[in-house]
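What follows is a set of notes on a single structure, which appears directly below.
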Amino acid sequence: MEIKDNTFARQFETIVDEGLVSVEYSFQEKKIFLTKINVPESFDDEEFISNFLKNIMGIAIERKFKVVPILPKIVVFFKKNPIYKELLPPGIRL
C-alpha cells in the first residue's frame, strides 16, 4: 500500500479503485491527532481501513510521534490492536 502524507491538506492518502481514501490529522508538539477518515461513497472495506491505519501507525513510530485518536472508529482500532497503545501520549486511556 502506498501512502502519501499530504501535508498541505493535512491528511494521509492512498488510492483504491473507488477513489481516494484519507485520514485527516492535525499536528501539535510531536503529537498527531487523527480526526477523520474519508472514503469514497461506495467503499466499505473495513479490513483495508484497518491496514491503512496500521501503516499510519508505522509512520508515527518512524517519526517518533505520539498518536491521539479523536475519531471513535480510530479508538476502536486501538482497542483491537493493543500493540499500538505505546503510541498514545501519557494520560490517554482507551
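The values are calculated or read from the model by the stated rules, or taken from the named source; none is laboratory data. Keep in mind that what you see is a predicted model, and the values were worked out from it rather than measured. Neighbour counts run over all protein chains shown; Cβ positions are idealised from the backbone, glycine included. The protein model used for the area step is the full one, side chains on, heavy atoms only, and it has no ligands, DNA or RNA in it. Shrake-Rupley method; radii C 1.70, N 1.55, O 1.52, S 1.80 Å.
Structure above, values below:
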{"item": "Residue match in the stretch 47-54 (condition: out of contact with any Lys or Arg (no Cβ under 8 Å at 6 or more places or on another chain), at pLDDT below 95, surrounded by 14 or more Cβ atoms within 10 Å (Cβ to Cβ) and not aliphatic (A, V, I, L, M))", "result": "no"}
{"item": "Residues within the stretch 36-46 that are open to solvent by 50 Å² or more (accessible area, probe 1.4 Å) and closer than 15 Å to P72 by Cβ, tallied", "result": "2"}
{"item": "Neighbours by Cβ (under 6 Å, 6+ apart or cross-chain): first from the stretch 1-15, under 14 Å from N51 (Cβ atoms); second in a strand (DSSP E or B) and among the hydroxyl-bearing types (S, T, Y)", "result": "M1/T14; I3/T14"}
{"item": "Test result for E18, charged (D, E, K, R) and either free of Cβ contacts under 8 Å to residues at least 12 places away in the same chain or surrounded by 15 or more Cβ atoms within 10 Å (Cβ to Cβ) (or both)", "result": "no"}
{"item": "Filter pass, Q28 being surrounded by fewer than 17 Cβ atoms within 10 Å (Cβ to Cβ) and polar (S, T, N, Q)", "result": "yes"}
{"item": "When residues of the stretch 58-89 are limited to those that are among the basic types (K, R) and assigned to a helix (DSSP H, G or I), the one surrounded by the most Cβ atoms within 10 Å (Cβ to Cβ)", "result": "K73"}
{"item": "Within the stretch 29-57, tally of residues that are small (G, A, S) and assigned to a helix (DSSP H, G or I)", "result": "1"}
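One line per residue, one yes/no per condition, for (1) among the charged types (D, E, K, R); (2) under 18 Å from E18 (Cβ atoms); (3) modelled with pLDDT of 95 or more:
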| position | (1), (2), (3) |
| --- | --- |
| N38 | no, yes, yes |
| E41 | yes, yes, no |
| P72 | no, no, no |
| I92 | no, no, no |
